[in-house]
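The values are calculated or read from the model by the stated rules, or taken from the named source; none is laboratory data. Keep in mind the model is a prediction, meaning the values are calculated, not measured. All Cβ positions, even for glycine, are placed from backbone atoms using ideal geometry, and neighbour counts span all protein chains on display. The protein model used for the area step is the full one, side chains on, heavy atoms only, and it has no ligands, DNA or RNA in it. Shrake-Rupley method; radii C 1.70, N 1.55, O 1.52, S 1.80 Å.
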Amino acid sequence: MSETPSHGPVKYIMPKWIRGPQDFVGGVALIAIALFALWASSDLQGMRGFSFGAGTAPRMFGFLLLGLGIAVMIVGLVTDGEHITTYAWRGPLFVSLAILSFAFMIRPMGLIFSAFTSFVISALGTPETRWGQTIIVGICLTAFCSFLFPYALGLPLQMLPKFMIR
Amino acid sequence: MGDVFSNLGLGFGVVFQLVQWTPAFLGGVSIPIPVNILLCLIGALVGTLVGVLPGIGTIATVAMLLPITFGLPPVGALIMLAGIYYGAQYGGSTTSILVNIPGEAGSVVTALDGFQMAKQGRAGPALAIAAMGSFFAGCVATVLIAVLGAPLTKLALAFGPAEYFSLMVLGLIFAVVLAKGSVLKAIAMIVFGLLLSMVGSDIETGASRMAFNIPELADGLGFATLAMGLFGFAEIIRNLDAGGETDRQLVQQKVTGLMPTRKDLKDCTPAILRGTALGSILGILPGGGAVIASFAAYTMEKKISKNPERFGRGAIEGVAAPESANNAAAQTSFIPLLTLGIPPNAVMALMVGAMTIHGIVPGPQVMQKQPELVWGMIASMWVGNLMLLIINLPLVGIWVRLLRVPYRLMFPSIVVFCAIGIYSVNNAPTDVMLAGAFGLLGYWLIKHDFEPAPLLLGMVLGPLMEENLRRALLISRGDWTVFATRPVSAVLMAIAAFLLVLAVLPSLRKKRDEVFVESEN
């Protein structure tokens, strides 16, 4: 479940003195997240006497994460660690596109069209897709979901595009 | 003792409850349906399916099915979700033994000896022993939950905010220490989760925090959204770049002779007992759960065996012990959730999410206010285990055939299913996009070897921790030493600190990693 796939190391973009690039970059990103959270919660009220203000806890956790991020970064600097593995573009791109297309289509176009479209788009995520099979399975899945969610579970989902309902 | 029986009686009453169903097309004739048993069966079957299919984890499935359970009554929803969890432990063992593909992280070690047994033509006994061991462990765990439930709840009810906060800290530290990978990075993930849980409006002042005036963020990040993104979408993206179809060369021999021989039974009885005991203990501890239990049980069997060289070559103890252990742990990990309201692992965190969505605030008060919910769930576990024992073996053929479904067809289905599920929670397209963003975040985390499970724990415990911290400090008039001066809190904090030190010590860390490397060689 948790083993990371090991591809070859990325061509060196990191200077040599960073001994564990994976941790180093991870730590830097955590620092960035912490700073962003600290900035985002800076307008909130802090302690009032003994009682916490709205901003106390976020700031506390923000500083804690900042410290941990620095620690992870230092670990990445001084101990030998993993290199950064290559990022694939195909899977993430098409899966994200499929999710986005669903989010944009569901309101105007209804469940049937958006489910099928996003099925086809996400199928582009692997070069192994065989289109005949994919289309058949896509139709079956759309039919299954169109039964399951609105009828079997009674969720109020609109099935058809708005312009067709009228 | 009388209490235990009356409580379990109440639970079984809930499980066998009949609901009158009057469909319109029958013209007013009503049919009694045992809804909860059906939900338990569906949960167990879906769980087995998930356990069988590699590439979909338990956490992802429970997250995916959360929206589906919204329409159900709370008891039914929780019974079904619990069924998925222990069902997956059964299913994982089936594929481990037959085709050497552990569908579930908890059954990785089962494959070591189980597959060897299958190669020697002893798949039948291996499957039977795995099922029997799991069933035995399930029975023991059910009784254990019933016995420990009431006293632990009483203890927890006596806790003030300071003690409760310390308990949560201890739980999180345990979760980190017992998990795989770097302790530092896991703590960082917890804090990240805590920070994410702060988004939305503040419970006490109502001020909007880190929401940037985006209306969809005003209520906070949806729990189902985060879980589905981090576990569902991220896992898919990760699997896609792992490249090509995993080779699924199946051993297509008929499973004959299910019954283990008398010698098999004699060999594995002590192993099942030891596995159950170890699994039960590790399950109760926060951070435990099925995975570490099965690894630890296998390592222990190998250590105490008179001839350890048999392990890895088809030793039946190597199947019996981890299978009993992972099932025992899967169930006893409900104890901290049901009695203290603290989820010990990511799946239990999702159960908290499910409870909150149904308007149940997890904690010791649940057992008093809604006994039928807690005891119904506990009784359903025993019933579910029995059903799994009966249906699992005849269905082996179907499960193996399902392995042939290629991933290229499976993953778009999961994407669409998840997307519809998230949308249906609030009818909000923004939630779907957010889940997508969390999917990419999860992919990045995996790439940098950060575990997403502690993040989820932090996210769930965040609001509870903040509330108790606030109250504790308000009561003590801003005095931070309250956590060290109140005795119970001080003990809990001391244990947490001690564990943390132990985990960072190099010698102990090596021991801990040793338990996990078993699968890799």
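Screening B:Ile398 against (1) at pLDDT below 80; (2) open to solvent by less than 20 Å² (accessible area, probe 1.4 Å) leaves a single unmet condition, (2). Applying a threshold of 6 Å to beta carbon distances and a minimum spacing of six or more residues, or different chains, the list of pairs starting in region B:408-432 at a residue that is facing chain A (nearest Cβ under 7 Å) and within 25 Å of A:Thr126 (Cα to Cα) and ending at one that is open to solvent by 10 Å² or more (accessible area, probe 1.4 Å) and in a helix (DSSP H, G or I) reads B:Leu409/A:Val137; B:Ser413/A:Leu141; B:Val432/B:Tyr423. Residues in region B:451-472 include at least one that is modelled with pLDDT of 85 or more, polar (S, T, N, Q) and surrounded by fewer than 22 Cβ atoms within 10 Å (Cβ to Cβ). Just so you know, in region B:61-98 the residues that are aliphatic (A, V, I, L, M) and open to solvent by 10 Å² or more (accessible area, probe 1.4 Å) include one that is farthest from B:Ala290 (Cα to Cα), and it is B:Leu72.
For region B:189-244, how many residues meet the condition of being of a type in the set (Asp, Glu) and open to solvent by 30 Å² or more (accessible area, probe 1.4 Å)? Quick ask: steps written out before the conclusion?
Taking region B:189-244 and keeping what is of a type in the set (Asp, Glu), we get B:202, B:204, B:216, B:219, B:235, B:241.
Still in the list and also open to solvent by 30 Å² or more (accessible area, probe 1.4 Å): B:204, B:216, B:219.
Of the residues in region B:189-244, 3 are of a type in the set (Asp, Glu) and open to solvent by 30 Å² or more (accessible area, probe 1.4 Å).
Is there a residue being facing another protein chain (nearest Cβ under 7 Å) and touching a residue at least 12 places away in the same chain (Cβ under 8 Å) anywhere in region B:454-466? For region B:454-466, residues facing another protein chain (nearest Cβ under 7 Å) and touching a residue at least 12 places away in the same chain (Cβ under 8 Å): present. Entry remark, region B:51-60: residues being open to solvent by 10 Å² or more (accessible area, probe 1.4 Å) and either more than 21 Å from B:Pro454 (Cα to Cα) or basic (Lys, Arg) (or both) number 2 in total.
Applying the set (1) under 22 Å from the mean Cα position of the chain (by Cα); (2) more than 7 Å from chain B (Cβ to nearest Cβ); (3) outside any helix (DSSP H, G or I); (4) of a type outside the set (Lys, Arg) to A:Asp80 leaves exactly one unmet item: (1).
Checked against the criterion of being open to solvent by 30 Å² or more (accessible area, probe 1.4 Å) and modelled with pLDDT of 90 or more, the candidates A:Ile112, A:Ile13, A:Ile33 yield just one match: A:Ile33.
Which members of region A:89-100 meet the condition of being surrounded by fewer than 19 Cβ atoms within 10 Å (Cβ to Cβ) and not aromatic (Phe, Trp, Tyr)? First the steps, then the outcome.
Taking region A:89-100 and keeping what is surrounded by fewer than 19 Cβ atoms within 10 Å (Cβ to Cβ), we get A:89-90, A:93, A:97, A:100.
Residues satisfying the conditions are A:Arg90, A:Leu93, A:Leu97, A:Leu100.
Among the residues of region B:433-451, those that are closer than 14 Å to A:Gly26 by Cβ and within 9 Å of another protein chain (Cβ to nearest Cβ) comprise B:Tyr443, B:Trp444, B:Leu445, B:Ile446, B:Lys447, B:His448, B:Asp449, B:Phe450, B:Glu451.
Which residues, taken from region B:312-331, are open to solvent by 20 Å² or more (accessible area, probe 1.4 Å) and either part of a helix (DSSP H, G or I) or on the phi < 0 side of the Ramachandran plot (or both)?
Narrowing region B:312-331 to residues open to solvent by 20 Å² or more (accessible area, probe 1.4 Å): B:312-313, B:317.
Answer for region B:312-331, where residues must be open to solvent by 20 Å² or more (accessible area, probe 1.4 Å) and either part of a helix (DSSP H, G or I) or on the phi < 0 side of the Ramachandran plot (or both): B:Arg313, B:Glu317.
Of the residues making up region B:218-253, those that are over 24 Å from B:Val62 (Cβ atoms) and either modelled with pLDDT of 80 or more or more than 13 Å from every other protein chain (Cβ to nearest Cβ) (or both) are B:Ala218, B:Asp247, B:Arg248, B:Gln249, B:Leu250, B:Val251, B:Gln252, B:Gln253. Could you check B:Lys369 against (1) modelled with pLDDT under 85; (2) surrounded by 17 or more Cβ atoms within 10 Å (Cβ to Cβ) and say which number it fails? That leaves (2) as the condition not met.
Just checking, which of A:Phe94, A:Phe119 is within 19 Å of the chain's Cα centre (by Cα), facing chain B (nearest Cβ under 8 Å), modelled with pLDDT of 85 or more and part of a helix (DSSP H, G or I)?
Numbers: A:Phe94 fails: facing chain B (nearest Cβ under 8 Å).
Exactly one of A:Phe94, A:Phe119 is within 19 Å of the chain's Cα centre (by Cα), facing chain B (nearest Cβ under 8 Å), modelled with pLDDT of 85 or more and part of a helix (DSSP H, G or I), namely A:Phe119.
Just one of (1) more than 30 Å from B:Ala435 (Cα to Cα); (2) out of contact with any Gly (no Cβ under 6 Å at 6 or more places or on another chain); (3) part of a helix (DSSP H, G or I) fails for B:Tyr85. It is (1). For region B:1-34, taking the residues that are assigned to a helix (DSSP H, G or I), of a type in the set (A, V, I, L, M) and within 18 Å of B:Trp382 (Cβ to Cβ), the one that is modelled with the lowest pLDDT is identified as B:Val4.
The criterion of at least 1 residues that are over 24 Å from the mean Cα position of the chain (by Cα) is met by the following helices (runs of 4 or more DSSP H) wholly inside region B:367-430: B:396-402, B:407-426.
Scan region A:128-152 for residues that are open to solvent by 40 Å² or more (accessible area, probe 1.4 Å) and modelled with pLDDT under 80 and jot them down. Before you say what the answer is, go through the steps one by one.
Restricting attention to region A:128-152, the residues satisfying the condition of being open to solvent by 40 Å² or more (accessible area, probe 1.4 Å) are A:128, A:130-133, A:135-137, A:139-140, A:143-144, A:147, A:151-152.
Listed by number, the residues that qualify are A:Glu128, A:Tyr151, A:Ala152.
When B:Ile446, B:Ile420 are checked against the criterion of being within 30 Å of B:Phe174 (Cβ to Cβ), at pLDDT 85 or above and either β-branched (Val, Ile, Thr) or touching a His at 6+ places or on another chain (Cβ under 7 Å) (or both), B:Ile446 stands alone in meeting it.
Which numbered condition in (1) within 9 Å of chain B (Cβ to nearest Cβ); (2) more than 21 Å from the chain's Cα centre (by Cα); (3) not basic (Lys, Arg) is the only one that A:Leu38 fails? Failing condition for A:Leu38: (1).
Checking each residue in region B:414-430 for being among the hydroxyl-bearing types (Ser, Thr, Tyr) and open to solvent by 20 Å² or more (accessible area, probe 1.4 Å) picks out only B:Thr430. Where helices (runs of 4 or more DSSP H) fall entirely within region B:96-193, those with at least 3 residues that are more than 23 Å from B:Leu278 (Cβ to Cβ) and not β-branched (Val, Ile, Thr) are at B:123-157, B:161-178.
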